[in-house]
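Since the structure comes first, as structure tokens, the remarks are kept for the end.
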Amino acid sequence: MQQPVHRVLQYFGGLRSLAESLKGDEVIYSGIRPYDYHAGNRIVLAVYPHLLARSLAQRGLEPRFRYVITLNDLEPSVYDDTVFRATGASYQLATQVDAIIGKVEGDLVHLRKEFPRIEIQYYKTSDMVGTPHFQRAVSLMMQEPVAFLRHFLREEILEQLPPELLSMSEFFGLVCPSCKVPVHARQAPKLEAATCEGCNTPLSTHGALRYWMYFVPLLALKLRVVQPDVVLLGGDYLEADEGALVLKQSCKLEEILEFYGMLEGGRPLTFLIPPLLMGKDGQKMSKSLGNVVPYRYEEVLAACGSSDGSRLTL
């Protein structure tokens, strides 16, 4: 029987379960788009690795992880949201990362002090340019949507699609995983309630086309280069508006990596999902929403260590 490629563990209960299966010398991975750094990022990049190390130490094992943090400092210089692809091979530095590294290090000092054998490394996307995996990611982000959709729709169905449908991200969320045919959005106003009219199969919510053709190749690139054992992803990866319901649906993340040709030779993946930190306005804490609150590290660490829910409010 083929070994499962990945598993998804959630929140503090998942962290404790994960700690029971580790030896202490695994490769741990997390990443950030380094435009800013707030308490929500802190949970993923510093607090949960700290709690994971503590849980391992409680078993009598010394944590000696290699902890790799990637910083997405390269992005396509032109990404066309109408045709859903990068329109040129040129890439540009999106941001300088030194200031963000300094903020992350201000939190990781606690982890380094308590567990000095943990090795922490930073890896920029620009450091990966010379790898064949980067070139693969570039070619994927420049492909035509019709080439991408061939992996999900039967050829005779694809030939019948009007060109304008390829610019509808909502359309891509409604594809029958059994018949491999599209279902128009007006037939199912809510994705979670949609079923295929032909076979009554619940529809697979693959997520927005832009998510698959832009963010997923970049994620696949980093996972393939770093080769982690444990991947820490933000709680919003399980939110509908992030297009990443693939972690809960039938189209699992190993299928994404296999689809993108990034998985061969990789380690089995374990994904650990921390809770979402909520802002004072009741929405997830986010740089784009402007609801960031500068909580102290110790305050966030204590709250995460005593809560097992999907949301965290301080």
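The values are calculated or read from the model by the stated rules, or taken from the named source; none is laboratory data. All values derive from a computational prediction rather than experimental measurement. In this analysis, Cβ positions are derived from the backbone assuming ideal geometry, glycine residues included, and neighbour counts consider all displayed protein chains.
Restricting attention to region 46-53, does a residue exist that is more than 21 Å from the chain's Cα centre (by Cα), assigned by TED's automatic domain parsing to the domain that holds Glu119 and at pLDDT 95 or above? So that I can check it myself, show each step before the final result.
We begin by selecting, within region 46-53, every residue more than 21 Å from the chain's Cα centre (by Cα); these are 53.
Next, from what is left, pick out any that are assigned by TED's automatic domain parsing to the domain that holds Glu119: 53.
In the following step, the residues that additionally are at pLDDT 95 or above were identified as 53.
Looking through region 46-53, at least one residue is more than 21 Å from the chain's Cα centre (by Cα), assigned by TED's automatic domain parsing to the domain that holds Glu119 and at pLDDT 95 or above.
Tell me, which residue of region 267-314 that is of a type in the set (Ser, Thr, Tyr) and within 20 Å of the chain's Cα centre (by Cα) is surrounded by the fewest Cβ atoms within 10 Å (Cβ to Cβ)? Per the stated criteria, the residue is Ser288.
Quick one: how many residues across region 98-129 are under 24 Å from Leu74 (Cβ atoms) and surrounded by 13 or more Cβ atoms within 10 Å (Cβ to Cβ)? Residues flagged as under 24 Å from Leu74 (Cβ atoms) and surrounded by 13 or more Cβ atoms within 10 Å (Cβ to Cβ) within region 98-129 amount to 14. Among residues of region 203-226 that are surrounded by fewer than 24 Cβ atoms within 10 Å (Cβ to Cβ) and at pLDDT below 60, those with a Cβ under 8 angstrom from a residue that is of a type in the set (S, T, N, Q) and in a helix (DSSP H, G or I), sequence gap 6+ or separate chain, pair up as Ala208/Ser169; Leu209/Ser169. Considering only residues in region 20-69 that are among the β-branched types (Val, Ile, Thr) and more than 17 Å from Pro274 (Cβ to Cβ), the one that is surrounded by the fewest Cβ atoms within 10 Å (Cβ to Cβ) turns out to be Val27. Considering Val104, Val97, the condition of being under 29 Å from Gly279 (Cα atoms) and at pLDDT 90 or above is satisfied by Val104 alone. The condition (being among the β-branched types (Val, Ile, Thr) and modelled with pLDDT of 95 or more) is satisfied by just one residue among Val78, Val68: Val68. Could you check region 1-19 and list, in sequence order, the residues that are of a type in the set (D, E, K, R) and modelled with pLDDT of 95 or more? Passing the criteria: only Arg16. For region 289-303, indicate whether the set of residues that are of a type outside the set (Ser, Thr, Tyr), at pLDDT below 70 and outside any loop (DSSP other than H, G, I, E, B) is non-empty. Looking for residues that are of a type outside the set (Ser, Thr, Tyr), at pLDDT below 70 and outside any loop (DSSP other than H, G, I, E, B), one finds none in region 289-303, hence no. Residues in region 93-123 that are over 23 Å from the mean Cα position of the chain (by Cα) and among the hydroxyl-bearing types (Ser, Thr, Tyr): there are none.
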